[in-house]
Amino acid sequence: MRFTIIIAALFLATPAIAQDREVPYWATIKAETLNMRAGPGRDFPIRWVYRRAGLPLKVIRVHEGWRLVRDPAGDEGWVTANLLSRDRGALVVGDGLAAIRAEPSDGAKLKWNAEVGVVVGLRDCEANWCEVDASGRRGCIRAARVWDAGKHCLSGTGRSQQPTRILRQLVAGVLVAVMPASLVAVNVPPASLG
């Protein structure tokens, strides 16, 4: 009997434990559409509608099944936790094309360039470089060129990771966050296409 009660208590506590993470932490949007609300509940008005699966968000507070998040433009609001993924992602930021290299070095072979606004999967980051994955194409990018590389690989940079381009549109009375299309590869050396 006592064993059954302990097992039942563990199963009941598991969802709560799974949702408890130290904040802040990074997440990505796993749905094609995500509503950011003014408060933690469906009764609160929608502030933004995101139409970009994989877009990184910084989770800064947890309340039951809701997360207070900050988007790449710095806007904050509440989203339902079940539409967020623990997969790490990043948004290419800065000015001009961002070099994606074969190794974490400015002298390494250029694999391709990514435009500002491209969403990539974020793998490991260290020594101011991040390994990224863009639709199966992997490479290394300077951490200063992505929002969110996190603090651990940006030692001493003292920079803001705000993207230079994030488009806002008013559609049917609802503000919509629109990011540029996925990976745009330009200046790809012919040898890297094989």
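Computed quantities for the displayed model
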| read-out | value |
| --- | --- |
| Test set (1) closer than 24 Å to Gly121 by Cβ; (2) at pLDDT 95 or above; (3) exposed (fewer than 14 other Cβ atoms within 10 Å of the Cβ) - Asp43 fails condition number | (1) |
| Single residue of the stretch 106-127 satisfying the filter (in a loop (DSSP other than H, G, I, E, B) and more than 17 Å from Arg88 (Cβ to Cβ)) that is most open to solvent (accessible area, probe 1.4 Å) | Lys109 |
| Subset of the stretch 32-76 (residues that are under 15 Å from the mean Cα position of the chain (by Cα) and farther than 22 Å from Val146 by Cβ) | Glu32, Thr33, Leu68 |
| The stretch 9-33 residues that are closer than 25 Å to Tyr50 by Cα and aromatic (Phe, Trp, Tyr), paired with ones that are modelled with pLDDT of 90 or more and in a helix (DSSP H, G or I) (beta carbon under 8 Å, 6 or more apart) | none |
| Qualifying residues in the stretch 96-105 (those that are of a type in the set (A, V, I, L, M, F, W, C) and either within 18 Å of Ala53 (Cβ to Cβ) or outside any strand (DSSP E or B) (or both)) - the one most open to solvent (accessible area, probe 1.4 Å) | Leu97 |
| Those residues of the stretch 55-83 which are open to solvent by less than 20 Å² (accessible area, probe 1.4 Å) and part of a loop (DSSP other than H, G, I, E, B), in sequence order | Leu55, Asp71, Pro72 |
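So that you can scan it fast, the table gives a plain yes or no per residue for (1) in a loop (DSSP other than H, G, I, E, B); (2) under 18 Å from Pro104 (Cα atoms); (3) at pLDDT 90 or above; (4) open to solvent by less than 10 Å² (accessible area, probe 1.4 Å):
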site	(1), (2), (3), (4)
Glu131	no, yes, yes, no
Cys140	no, yes, yes, no
Ala149	yes, yes, no, yes
Gly158	yes, no, no, no
Pro163	yes, no, no, no
Leu170	no, no, no, no
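The values are calculated or read from the model by the stated rules, or taken from the named source; none is laboratory data. Since this is a predicted model, take the numbers as computed values, not measurements. No Cβ is skipped: glycine too gets one built from the backbone with ideal geometry, and neighbour counts run over all protein chains shown. SASA here: full protein model, heavy atoms, side chains in, ligands and nucleic acids out. Shrake-Rupley method; radii C 1.70, N 1.55, O 1.52, S 1.80 Å.
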